[in-house]
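Since every read-out is calculated from the coordinates, none of them should be taken as a lab result. Every value quoted in this text rests on a predicted model; they were computed, and no experiment measured them. Here the Cβ is made from the backbone with ideal geometry for all residues, glycine too, and neighbour counts use every protein chain on show.
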Amino acid sequence: MKRLHLVELEDLSWWPRLFRDAATDYLVTAIRQARLYDAMAPILASAMRRSGAHQITDLCSGGGGPWPTLLPALRAAGMDASVRLTDKYPNVEALSTLSTSTPGLSFEPSPVDAASVPPNLSGFRTLFTAFHHFRDDDAHDLLAAAVRDRRGIAIVEPSSRTWPALAVQALVPLGVLILTPKVRPFRWSRLFWTYVVPVLPLAILFDGVVSTLRMRTPAELLELAREAAPESYSWESGVVSSPGSPLPIPYLIGVPRVEQGQAGLMVSSA
Ligand SMILES: C[S@@+](CC[C@H](N)C(=O)[O-])C[C@H]1O[C@@H](n2cnc3c(N)ncnc32)[C@H](O)[C@@H]1O
């Protein structure tokens, strides 16, 4: 399927904060229920060990995405990491609640653009459910910035650009209706815009379909990485299976090479 980069509501600066935060709050709940990214823990722990980092700067964090379950999984994989959550439009209430309730998580209250990460935010960079927001030029610049700053980086997406993934999106409004009572923080407005006027189920469906059409394959991720840093980084891309999803989870990992030389380029699956 050809990659299409159509507009997501979430990308529009005028899209109301209420709907934007409600969508990222929903994602935290859905990802937590499915433990969608926990299978990435051993791969991420291994990459962090190779890069020598114990701290993570998570970019495009939304409401905190996978970290409530991924951080314990990372620790179980032997990596005692701490994570700084950041976003261009920080969902301050959700990030603050999460940071207070989860040891090892903290957040940046001011906006952080993933394409120009301030120097005080050190450590291994991660992006979950977010790389598809970037057009090829911006995606290239984001990877090149990590390389310039000599940071390890992990890009992980929730699904593939396939017909089965689009079919799964058709279930999203039902998922929103079922999961909304579990979404925190509790808001009457969330119930109103879900069950009375169903803006949220439809908006999350719309962005989910557009996101699916924007997903990159492991080979496409690797190609971008090769262009960003052909020499000085060791890159690996592939897919993992998650017990919480019928769809393969694509990832790209880049770690600075200790010795300059030929880049290690590898496509794998786990
Ligand atoms: C689909 S949400 C994913 C949130 C979270 N990582 C998760 O897995 O649930 C994408 C997030 O990317 C953020 N975002 C989009 N463009 C960005 C940019 N250029 N820099 C930083 N964050 C950005 C949005 O504000 C949104 O919170």
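Could you pull out which residues in segment 119-160 have an amide N less than 18 Å from a spot 7 Å beyond the Cα of S110, following the Cα-Cβ vector?
119-122
Compute the FRET efficiency between E93 and S46 as 1/(1 + (r/R0)^6), taking r as their Cβ-Cβ distance and R0 = 45 Å, and round to the nearest 0.05.
So the FRET efficiency works out to roughly 0.85.
Using a 10 Å Cβ count of at most 16 others and DSSP loop calls, identify the longest part of the chain lacking such chymotrypsin sites (Phe, Trp or Tyr not before Pro).
Within the chain, the longest run free of exposed chymotrypsin sites (Phe, Trp or Tyr not before Pro) spans 15-185.
Counting Lys and Arg as +1 and Asp and Glu as -1, each charge on the Cβ, what is the dipole of the chain about the Cα centre in debye, to the nearest 20?
Rounded to the nearest 20 debye, it is 540 debye.
Apply 1/(1 + (r/R0)^6) to the Cβ-Cβ distance of S82 and A144, taking R0 = 25 Å, and write down the FRET efficiency to the nearest 0.05.
The computed FRET efficiency comes out at 0.45.
Between L18 and R75, how many nm apart are label points set 7 Å from Cα along the C-beta direction?
The modelled label-to-label distance comes out at 3.8 nm.
Return the distance in nm (one decimal) between the two label points of a simple spin-label model at V7 and Q55, each offset 7 Å from Cα along Cα→Cβ.
About 3.8 nm separates the two model spin labels.
Using a 10 angstrom Cβ neighbour count of at most 12 plus a DSSP loop assignment to flag exposed trypsin sites (Lys or Arg not before Pro), which longest range of the chain is free of such sites? Write out the running numbers ahead of the final one.
Values: sites that count: K2, R135, R150.
With trypsin sites (Lys or Arg not before Pro) excluded where exposed in loops, the chain gives 3-134 as its longest stretch.
Hey, got a sec? Which GluC sites (Glu not before Pro) in segment 191-256 land in a DSSP loop and have at most 14 other Cβ atoms within 10 Å?
Listed in order of number, the matching sites are E231.
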